[in-house]
Structures are given as structure tokens and as C-alpha cells.
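S.K.: Below is a structure I'd like to ask you about.
The values are calculated or read from the model by the stated rules, or taken from the named source; none is laboratory data. From a predicted model like this one, the values you see are computed outputs, not experimental measurements. FYI the Cβ positions are ideal-geometry reconstructions off the backbone, even for glycines, and counts take in every protein chain you see.
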Amino acid sequence: MLTIKIIPVLKDNYIYLIHDPVSKQTAAVDPAEAQPVLDVLAENSWQLTYVLNTHHHWDHTNGNVALKQLTGCQIIAPRLEQNIIPGVDRAVNAEDTVMLGTHTATVIAIPGHTLGHVAYYFADNALLFCGDTVFVMGCGRMFEGTAEQMWQSLDTLRQLPADTALYCTHEYSLANAWFALRIEPDNIDIQQRLQTIKQLRKNQQPTVPSTIALECATNPFLRVDHARVQQYLGMEHAAPALVFAELRRRKDLF
């Protein structure tokens, strides 16, 4: 089994360390800063093997160069964004794989937030590192892609096995939960999850990981083809991408 360490940084970012206790290899996902990663590595006597970048935004790549210089790690990033991500050693496309010891991560293309955005999916461990495409009860803004692209990316991720643990890279859960409740006020799963999130944040605990099953039950952006969501928006029987676009527009104004 892989060991996951969650490292809160900046205002609301998460960096993840993925460690294989057998091979002793370790990967850092989306390091916004280098020092917090170095601190956790030292605390656990781990060596950094890889940096895995999901997309090019600075708050996911700012620690790349320092980590590479100080640890000799290899930086892996999406091919479509390799020229704007610092320190890239290996560029990956959809369906490429990254090995962490004997554990395989498959690269999934999920454009929308950025055009080259990818996720890293460890199927055998049921782990998904999805950057800024899907959040706990929310999704990322479309800075570069279209609503159709973003919806297709979300739909791709919601097809993964229900027990897949979802690790996103921002702590937006409380605001997302309030928005979800506005869209589906009678959804018991959303009501219960809001209370859980409020308690976790009160105790300064992260709300990640989530699961695909939990997101499908409570995340409005994965539920745009559900009747209650469409009815709230006055878009019964509309194409999912159109419903998604309207939902994202409303979230931007929320």
C-alpha cells in the first residue's frame, strides 16, 4: 500500500507526498512550495523521486526547481504544458504511465481548467490526484478550456470506480458545500456532508480525500444530468454541457 501525506500550504493549497514503503520511492504532487515538502521528507526519512505536476499554474509548480536542485528528483508534467512548467524532465500524454516502485499511475487528460491539465490515477490503489479539475463538492474554473471540455473531463472522472479516493489540491469545501445546498436543498447527502465539513474545518482538519461515490452523490458539477439540478436551473432535458456551463456561471457569482 502507498502512504499519503497531506501538506497544507499557502492559503488553501494541498501538496501530496505519495510514498512506496517497499521501493522507498516518493512523489510530490503539485508542490507550490519546496520547504514544506523538504520538511516532511526529513521527518519521515524519505527521499524524493518524482514531482508530478497536474498543470502549469504557479501554485502547483513553484517548488519544482528547488526540489530538483536539492533532491535530484525527476519532474513529470503534461506534455501540452511542458514549455511553461519549470524544470520538466519528462512530459506525459494521456494513457502514459508513471511507476512508483511497482505501483502504476496512469495519466488521464482532463482539460478545461487549463488545456493540458492531467490527473494521475493509481488504479490498483484506488487513488486519484486530480489537481484543480474537480474539488470536494466543486470544480475548477475554466481559465483556458470550454464548458464542453470541462464537462467531458468531469464525466471521465466520475466513471472511475466508486471507491476511488479523490485528492484535489485546494480546500474550497465549505463554500462549495453551501453552493451545493442551494442547488439541491432537499438532498440529504449534501445536508449531512455540510455538517461533516463544518466540523472538520472547525478543527482545522482537511476535507480530503473524498471518493468518487461521495462526489457523485453531493457534487452538483457531477450531477448536471440529474433532474433536480436541471429543474433548479430551469433547464430540464438540456444537454449536460449546457447545464454545466450555467451551473459554473452561477458558482462564479456565488
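S.K.: For the list (1) buried (at least 17 other Cβ atoms within 10 Å of the Cβ); (2) within 22 Å of Tyr14 (Cα to Cα), I need the number of the one condition that Pro220 fails.
M.R.: Checking Pro220 against (1) buried (at least 17 other Cβ atoms within 10 Å of the Cβ); (2) within 22 Å of Tyr14 (Cα to Cα), the one that fails is (2).
Conditions (1) buried (at least 23 other Cβ atoms within 10 Å of the Cβ); (2) at pLDDT below 95; (3) closer than 17 Å to Cys168 by Cα, marked per residue:
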site	(1), (2), (3)
Glu33	no, no, yes
Glu43	no, no, no
Leu52	yes, no, yes
His56	no, no, yes
Ala66	no, no, no
Ile76	yes, no, no
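S.K.: Please enumerate the residues belonging to region 78-92 that are surrounded by fewer than 17 Cβ atoms within 10 Å (Cβ to Cβ) and either modelled with pLDDT under 95 or of a type in the set (D, E, K, R) (or both).
M.R.: Of everything in region 78-92, those that are surrounded by fewer than 17 Cβ atoms within 10 Å (Cβ to Cβ) and either modelled with pLDDT under 95 or of a type in the set (D, E, K, R) (or both) turn out to be Asp89, Arg90.
S.K.: Could you please give the count of residues in region 124-147 that are at positive phi and either of a type in the set (Val, Ile, Thr) or surrounded by 20 or more Cβ atoms within 10 Å (Cβ to Cβ) (or both)?
M.R.: Restricting attention to region 124-147, the residues satisfying the condition of being at positive phi are 126, 131, 137.
Within this subset, residues satisfying the condition of being either of a type in the set (Val, Ile, Thr) or surrounded by 20 or more Cβ atoms within 10 Å (Cβ to Cβ) (or both) are 131, 137.
Total satisfying the criteria: 2.
S.K.: List every residue pair whose Cβ atoms sit under 7 Å apart, with the two residues 6 or more apart in sequence or on different chains, where the first one lies in region 195-212 and is at pLDDT 95 or above and the second, anywhere, is in a loop (DSSP other than H, G, I, E, B) and surrounded by fewer than 17 Cβ atoms within 10 Å (Cβ to Cβ).
M.R.: Close Cβ pairs satisfying both conditions: Thr211/Ala162; Thr211/Asp163; Ile212/Pro161; Ile212/Ala162.
S.K.: If you scan region 37-54, which residues turn out to be more than 19 Å from the chain's Cα centre (by Cα) and within 18 Å of Leu10 (Cα to Cα)?
M.R.: Hits for region 37-54 are Leu38, Asp39, Val40.
S.K.: Spot the failing condition for Glu95; the list is (1) farther than 18 Å from Phe143 by Cβ; (2) touching a Ser or Thr at 6+ places or on another chain (Cβ under 7 Å); (3) surrounded by 19 or more Cβ atoms within 10 Å (Cβ to Cβ), and only one is missed.
M.R.: Every listed condition holds for Glu95 apart from (3).
S.K.: Out of region 1-24, which residues are touching a Pro at 6+ places or on another chain (Cβ under 9 Å) and of a type in the set (Val, Ile, Thr)?
M.R.: Correct list: Thr3, Ile4, Ile6, Ile7, Val9, Ile15.
S.K.: Right, something else. In region 237-254, how many are modelled with pLDDT of 95 or more and out of contact with any strand residue (DSSP E or B) (no Cβ under 8 Å at 6 or more places or on another chain)?
M.R.: 12
S.K.: Output the residues belonging to region 98-123 that are on the phi < 0 side of the Ramachandran plot, surrounded by 16 or more Cβ atoms within 10 Å (Cβ to Cβ) and assigned to a loop (DSSP other than H, G, I, E, B).
M.R.: Ile110, Pro111, His113, Thr114, Leu115, Gly116, His117
S.K.: Need the failing condition index for Asp155 against (1) over 27 Å from Ile18 (Cα atoms); (2) part of a helix (DSSP H, G or I); (3) charged (D, E, K, R), just the number.
M.R.: Result: Asp155 fails condition (1) only.
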